[in-house]
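All remarks here apply to the structure that follows.
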Amino acid sequence: MTRHFIIDTDTASDDAVALVMALQWPDVEVDAITVVYGNMPLEITSANARYSVEVCGKETPVYEGCAKPLLRSVAYADWFHGPYGMGKLGQLKPKRSAAGQNAVEELIRRFRAAPGEITLVTLGPLTNIAAALTVEPRMAEWVKECYIMGGAANCVGNVTPAAEFNIWCDPEAARIVFHSGMKCLMVGWEHCRFDSALSDEEMAYIRSFDTERAHFALDCNSFALEAGRRIQAAAGLMLPDPVTMAIAIDPSVCTRRSRHYVDVACADELTRGMTVVDELHVTGNQPNLDVCWEIDKPRWKEILYQTLR
């Protein structure tokens, strides 16, 4: 039975690999991709998403959404992903144009038309999703489940000591989504670290597939690989968005999940964008989010390999 996904992304290197994974998985149909600013400006994230679709030989429509956060000035991650977000591939020029600049309206329209049937996977700042929920709060009920690549569950951040980049970009948007009532699983960036990162040997194995997708996945991450090693002492290539996509494709990849009250720090202090997980229920607040605590690392990598062969 075919499963239907909509993916919201600020497409740079790891997002592109996650898109390829979903587009290549046998029983997943990606109905639409919505893009948002984040890793790169909107026009670049859009081009990167459309090119990723073309690498897979698909015609999935890409809709452009919010170009900046709800309330804050915009910030990008070119310091990590490179000037166009795609490593040694540089500026990509897809053949197809964006399907439109109405991503927020398109999200509402598609989920309204098929309530409880479409899975949402978010790979960037949650601005598009928060904007849609602000216009139509019932969308929270229409989403089958939302897999959020964002935050860090009681662990270090990757843009500040406390915060992960996607949530830090627009903490107000994240707070709207977290408290919307939508069924969500938060997959923190910590799950791409250490043994979850791709070693040199594993990257060589992917290169040995000698497919366009395999070369694309590694080439677009060349800048991120070096940045991760230089800035974050990474063990190898960290791919947070593909880890989240692996869980969306096969939920058993998340081997320990539990429901908690989770809030987002929005003050402009050291904790801006921190995802505060009440793991021990000390606040007494009702749980609002599922949190991924552990993953099956070999299984996540096997899913990646299967989609790049």
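The values are calculated or read from the model by the stated rules, or taken from the named source; none is laboratory data. Worth saying up front: this structure is predicted, and the values here are computed from it rather than measured. With ideal geometry, Cβ positions are generated from the backbone for all residues, glycine too; neighbour counts draw on all protein chains shown.
Here the range 80-95 is the region considered, the condition is being charged (D, E, K, R) and in a loop (DSSP other than H, G, I, E, B), and the residue that is farthest from the chain's Cα centre (by Cα) is 95. Counting the residues of the range 20-47 that are out of contact with any Cys (no Cβ under 8 Å at 6 or more places or on another chain), buried (at least 21 other Cβ atoms within 10 Å of the Cβ) and assigned to a helix (DSSP H, G or I) gives 6. For the range 149-173, a residue qualifies if it is among the small types (Gly, Ala, Ser) and either more than 14 Å from the chain's Cα centre (by Cα) or buried (at least 22 other Cβ atoms within 10 Å of the Cβ) (or both), and the qualifying residues are 150, 151, 153, 157, 162, 163, 173. Evaluated against (1) in contact (Cβ under 8 Å) with a residue 60 or more places away in the chain; (2) among the hydrophobic types (A, V, I, L, M, F, W, C); (3) assigned to a helix (DSSP H, G or I), residue 152 falls short on exactly one condition, (3). Residues of the range 272-292 that are closer than 22 Å to residue 145 by Cα and within 17 Å of the chain's Cα centre (by Cα): 275, 289, 290, 291, 292.
Going through the range 112-131 one residue at a time, which ones are of a type outside the set (Gly, Ala, Ser) and more than 19 Å from the chain's Cα centre (by Cα)? If the condition is that a residue be of a type outside the set (Gly, Ala, Ser) and more than 19 Å from the chain's Cα centre (by Cα), then 112, 115, 117 are the ones that fit.
Only one of 208, 199, 222 is surrounded by 14 or more Cβ atoms within 10 Å (Cβ to Cβ) and either farther than 20 Å from residue 167 by Cα or under 18 Å from the mean Cα position of the chain (by Cα) (or both); which? Result: 222 is the single residue among 208, 199, 222 that is surrounded by 14 or more Cβ atoms within 10 Å (Cβ to Cβ) and either farther than 20 Å from residue 167 by Cα or under 18 Å from the mean Cα position of the chain (by Cα) (or both). I'd like to know if the range 85-92 contains one or more residues that are at pLDDT 95 or above and farther than 27 Å from residue 230 by Cα. Scanning the range 85-92, I find no residue that is at pLDDT 95 or above and farther than 27 Å from residue 230 by Cα, so the answer is no. Scanning the range 101-128 for residues that are in a loop (DSSP other than H, G, I, E, B), of a type in the set (A, V, I, L, M) and surrounded by fewer than 20 Cβ atoms within 10 Å (Cβ to Cβ) yields a single hit, 114. Just a yes or no: is a residue in the range 33-51 farther than 20 Å from residue 166 by Cα and either modelled with pLDDT of 95 or more or aliphatic (A, V, I, L, M) (or both)? Scanning the range 33-51, I find at least one residue that is farther than 20 Å from residue 166 by Cα and either modelled with pLDDT of 95 or more or aliphatic (A, V, I, L, M) (or both), so the answer is yes. Of the residues making up the range 251-305, those that are touching a residue at least 12 places away in the same chain (Cβ under 8 Å) and farther than 20 Å from residue 184 by Cβ are 270, 271, 272, 296, 297, 299, 301, 303, 304, 305. Just one of the listed residues (75, 98) is of a type in the set (Gly, Ala, Ser), assigned to a loop (DSSP other than H, G, I, E, B) and in contact with a Cys (Cβ under 7 Å, 6 or more places away or on another chain), namely 75.
Looking only at residues in the range 48-79 that are over 20 Å from residue 219 (Cβ atoms) and over 19 Å from the mean Cα position of the chain (by Cα), the one that is surrounded by the fewest Cβ atoms within 10 Å (Cβ to Cβ) is 73.
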